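Asker: Below you'll find the structure I mean.
Values quoted throughout were computed directly from the atomic coordinates according to the rules given, and no laboratory measurement underlies them. In this text, all values refer to a predicted model and were calculated from it rather than measured experimentally. Here the Cβ positions follow ideal geometry from the backbone for every residue, glycine too, while neighbour counts run over all protein chains shown.
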Amino acid sequence: MKSKPNDIIIFGPPGAGKGTQSELITREFDLFHLSTGDILREAIAKGTETGKLAKQYTDSGRLVPDDVVVRIVEEKIKEIGDERGVLFDGFPRTLAQAQALDEVIEGGGRNLKWVISIVVDDEDIIKRLEGRRMCRQCNRIYHIIANPPKTEGICDVCGGELYQRNDDRREVIQERLKTYYAQTQPVLDHYRKKELLKEVDGAKHPKEVGSQILANIT
Ligand code: AP5
């Protein structure tokens, strides 16, 4: 009998390095990178109905309503199918989302194997997010000091334009942190009880954080 592909959740506060580490993990394993933040930003850029709704929340550092995000994730999982493992980045972010994901996993031939929580303190997070730049075309992540592109403003990989996210302004970052501690951090207990949780020290160099993650999931 064929074994089920393994799914992974990468968890952490805003700016913990979830996107950065997702790049590494999906290079290492054949996983689909499902980032709810990337999907919502794409919808916002295209001006879809979902995008218009999402923008009101993302620009102010609040969470997009659960029913909207859960529907996006369910549709994406159907599209991916059960032959391929998924790396969830930025989902689930509330207990209701975690319960919805449990149902999808239990009902649909999937296997959630690990929840990796990246731990970083608030001071580092603010420095990271204020200096972050992203590629408009391929979503590659840079930092103006820690990980600058070879040519300022241009993506090394695809030549796309780099931009600063709307929610990476200091006042929105503060709101995102408040939202994280109030609504998202409690989700950790859900996975702790299921004995799926692994914590890594996110304050180290990205390569070291990556090595810690790989050591935990292989
Ligand atoms: P989302 O895009 O998911 O944002 P986030 O969770 O706030 O996380 P970030 O993307 O800001 O950070 P990251 O942890 O990926 O860090 P990164 O690798 O980029 O969500 C955005 C918004 O969408 C939310 O606020 C919400 O409104 C909405 N949303 C999304 N999902 C939702 C959901 N499930 N439910 C409801 N609403 C939802 O790194 C950050 C910076 O640090 C980069 O510059 C990077 O180069 C640098 N860096 C990374 N690692 C290191 C390191 N080890 N050392 C030094 N610098 C580092």
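Asker: Hey, if you put +1 on the Cβ of every Lys and Arg and -1 on every Asp and Glu Cβ in the chain, which of Ile173, Phe91, Gly159 ends up farthest toward the positive end of that dipole?
Answerer: The Cα lying farthest towards the positive end belongs to Gly159.
Asker: Using the Cβ atoms and a cut-off under 9 Å, what net charge is assigned to the surroundings of Val119, where Lys and Arg are +1 and Asp and Glu are -1? Can you show the working numbers first?
Answerer: Values: positive: none; negative: Asp121, Glu199, Asp201.
In short, -3.
Asker: Here's something else I'd like to know. Restricting to bridges with both residues inside segment 24-182, how much of the DSSP beta-bridge set is antiparallel, in percent to the nearest 5? The partial results should precede the final answer.
Answerer: Numbers: 7 of 12 bridges.
Antiparallel bridges make up about 60 percent of those DSSP assigns within segment 24-182.
Asker: Excluding same-chain residues fewer than 8 positions from Lys178, which lysines have a Cα within less than 25 Å of its Cα?
Answerer: Counting by Cα, and skipping residues close in sequence, Lys178 has these lysines nearby: Lys18, Lys52, Lys55, Lys127, Lys193, Lys198, Lys204.
Asker: Now for a separate question. Under the definition of Cα pairs under 8 Å and six or more residues apart, what whole-number percent is the relative contact order of segment 11-107?
Answerer: 37
Asker: Might you report the magnitude of the Cβ-based charge dipole of segment 86-168 about its Cα centre, with Lys and Arg at +1 and Asp and Glu at -1, to the nearest 20 debye?
Answerer: It comes to approximately 340 debye.
Asker: For the chain, report the convex hull volume of the alpha-carbon atoms normalised per residue, in Å³, without decimals. It would help to have the intermediate numbers written out before the result.
Answerer: Values: hull volume 26.9 nm³, N = 218.
Measuring per residue, one finds 123 Å³ for the Cα hull of the chain.
Asker: Quick one: longest stretch of the chain between exposed loop GluC sites (Glu not before Pro), exposed meaning at most 10 other C-beta atoms within 10 Å and loop per DSSP?
Answerer: For GluC sites (Glu not before Pro) (loop position, at most 10 other Cβ atoms within 10 Å), the longest site-free span of the chain is 1-82.
Asker: Rounded to the nearest Å, what's the spacing between the alpha carbon centres of segment 161-195 and segment 37-105? Just the number, please.
Answerer: 14
Asker: Which value, in debye to the nearest 20, describes the size of the charge dipole of the chain about its Cα centre when Lys and Arg Cβ atoms bear +1, Asp and Glu Cβ atoms bear -1, and nothing else is charged? Kindly include the intermediate steps, with their values, before the conclusion.
Answerer: On the way: 34 positive and 36 negative charges, 48 e Å.
For the chain, the charge dipole is close to 240 debye.
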